Structure formats: structure tokens, C-alpha cells
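Asker: Before anything else, here's the structure in question.
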Amino acid sequence: MPDAVRALPNLRALSLGPTVRTPTWLAGFSHLVELELARAVGEMPPLPATLRIVRHGDGPPDLDHVRGLPHLAELDIGDHRWRPCPMWLDELRLRAFAATNVSIPAFAEALRGMPLLRLKFARAVPPPQPGLEGDATENNRALDRALADPRALRALDLQGYPLAPFPEAVRGLVHLRELTLRDAGLQSLPAWLRELSELVLLVVAGNADVVSLPPAIAAITTLRILDLGTETCGQVGWLWLAQERPDLHIFEDFYYH
């Protein structure tokens, strides 16, 4: 870590690359609000109590370094490599949570009751052994538990997890603005999507078995972006939707992060 950074006592945001060891003196940054770690190098030192946002790329072996942060509101644990959910995770009061390569059922109970605004699970690689991830039924049941109090949620992003049929837990997310169900094994889109009256972005790319779009899509008057992905876009009839909703932008692969 360059000494020049240490000389910035009022620093509010810091991003450390994959080869940079987290400095032991970082806890002295009394104004630091946001920290991004591409990869945890060496043992994690104490972090500033002022942190509200912590993001990991290649997730560390454990997450104890964030457990005692009193103001933590947004946590991205990065690639968790199918490790277990920390037993104490439910102690946090997060507004945003993201994780890659985790079991949704394993994390559902810990997230239940959190005032989440944004939730993301991404499956990038299969688990190293069977039984570490849920099937479609288990994942849908877990979402029902995790979203037991859905009033606050504004963005739900699920990528690579089997979820067919369309997860019923989404139906109660009446204030949802962004919904991504990518590579979820979906076979159809339900008519009750029109009940998501604040939805702006819908991503259903990677669901090759979806062969038609329900009229309910056109009824979501707030919807501005629909990402069908290359597989779905090539086989569903969507020209009627483009004509009926000229304000709706339809893409093959617009939204991915």
C-alpha cells in the first residue's frame, strides 16, 4: 500500500487490487465509508467502524472482519466458493446483499427479516460436490423464507440457479423495480407479472424454454427495459409487444454484471 494513501485521513472510499495486502493501519481511517477488496491477501486486520459498504471479489475464507461493523448496510461477499453461511450473519441489518457461488437455502434464514433493498445471488460454477446447492423446489422455498417481509425490496438478481416454475415469492414484491432471473430454467412467464406495478427492468435471458410472452408484459406500464437474451429473443414472438409498447426497449443481451 503506497504511503501516499496513508496520508489521506479523510478518505471516504478505497479499492484494493488483488495483490495488495490489506494494511494493518486501515482502522485509523475514521471517515472511510466504502471498501472494495478484489482479493483478501493475508490475514484481515480490523476495519474502520465507519464502513457502510464492503465489497469482495474473490471472497475471503471467513467474514469475521465485517461482523462487528455497526453501520454496515451493503455487503457483497464475492465468490464464496460454496462455503457455509456464517452462523452470525443474521446479526447484520443489511440494506443490500450479494453473493456468488453460495447455496440459496443455506443463506435464506440469515437474510429473513433484513430490510433489504437489493438482493443478488449468482451461480458462476457448479459446487465441488453434490448437495451443496438446492434444486428448483428448494430454491423457491428458500426465497419464500428470505423474502418473508418483501415490502422494502427494490432489486432482485438471481443468476444461474434453477428456479422453475417461476418463483411465486416474486409475486409479493410489489415495490420491485429491477428483476433478473437469468439462466433459471424457466419455461414460461406468469400473467401475474402485471401486479409488479413499479417494475422498470426485467431480465429473463438464458431461459431457452420460454417460447412466448404473456400479454401481462405489455400491461406493466412502468417497464422500460426487457432483456430476453439471444436464446429467448430468437424464438418468442415479440414484435407485437414492440408495436404495442414503443416506449419499451427490448434487448438480446443488455444487462449483465
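Asker: Of the residues R123, R118, which single one is within 13 Å of the chain's Cα centre (by Cα), under 22 Å from L199 (Cα atoms) and not acidic (D, E)?
Answerer: R118
Asker: Here's something else I'd like to know. Return a yes/no flag: does the range 185-196 have any residue that is farther than 19 Å from R118 by Cα, of a type in the set (G, A, S) and not in a loop (DSSP other than H, G, I, E, B).
Answerer: Yes, because at least one residue in the range 185-196 is farther than 19 Å from R118 by Cα, of a type in the set (G, A, S) and not in a loop (DSSP other than H, G, I, E, B).
Asker: Out of (1) over 21 Å from the mean Cα position of the chain (by Cα); (2) closer than 18 Å to A96 by Cα; (3) surrounded by 12 or more Cβ atoms within 10 Å (Cβ to Cβ), the odd one out for V5 is which?
Answerer: Failed condition: (2).
Asker: While we're on this one: Quick check on L181: is it part of a helix (DSSP H, G or I) and modelled with pLDDT of 90 or more?
Answerer: Here the answer is no, as L181 does not meet what is asked.
Asker: Scan the range 144-178 residue by residue and report those that are modelled with pLDDT of 95 or more and of a type in the set (D, E, K, R).
Answerer: Answer for the range 144-178, where residues must be modelled with pLDDT of 95 or more and of a type in the set (D, E, K, R): R154, D157, R177, E178.
Asker: Pick out the one residue from R151, R171 that is surrounded by fewer than 21 Cβ atoms within 10 Å (Cβ to Cβ) and outside any loop (DSSP other than H, G, I, E, B).
Answerer: On inspection, the qualifying residue turns out to be R171.
The values are calculated or read from the model by the stated rules, or taken from the named source; none is laboratory data. Note that the structure is a prediction, hence the values are computed from the model and not measured. Note: ideal-geometry Cβ built from the backbone for every residue, glycine included; neighbour counts use all protein chains shown.
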